[in-house]
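Below you'll find the structure, written out as structure tokens, and then a few comments.
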Amino acid sequence: MVSRQRINENINPVSPKSLLNSKWTKITVLNKEKHFLVSEVEFNEDKKIIRCVMQAVINHAEYEINWRSLKEGKEWLIGWK
């Protein structure tokens, strides 16, 4: 039997309230873009995220992403590693 901790070890804890200005490391590096900062978060009237923008630290390129993808430990790591 697989333990609950093992199932959840690849899930990053992400709170919509603390998302803005948070730092992330992309596991698969493209164009030397490894470190990112959440530069924009937009909420609707129900306080649900409708837009999340990541900015690459190296060249300031911006990418709109689905913020829930940050929870996947296979794609993103919390902080700059």
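We did not get these values from a lab; they are worked out from the coordinates using the rules stated. It should be emphasised that the depicted structure is a prediction, and the values quoted were computed from it without experimental measurement. Cβ sites come from the backbone with ideal geometry, for glycine too, and all protein chains shown count toward neighbours.
Going by average Cβ density within 10 Å per residue, which order do the peptides 69-76, 28-35, 43-50 take, highest to lowest?
Result, highest mean Cβ count within 10 Å first: 69-76, 28-35, 43-50.
Can you check what the net charge comes to around Phe43, using other residues whose Cβ is under 12 Å from the Cβ of Phe43 (Lys, Arg +1; Asp, Glu -1)?
Computed value for this residue: 0.
Hey, any idea what Rg/Rh is for the stretch 4-78, computing Rh the Kirkwood way over Cα pairs?
Answer for the stretch 4-78: 0.99.
Quote the FRET efficiency, to the nearest 0.05, computed for Asn44 versus Glu72 with a Förster distance R0 of 22 Å and r equal to the Cβ-Cβ distance.
Using R0 = 22 Å, I get an efficiency of 0.40.
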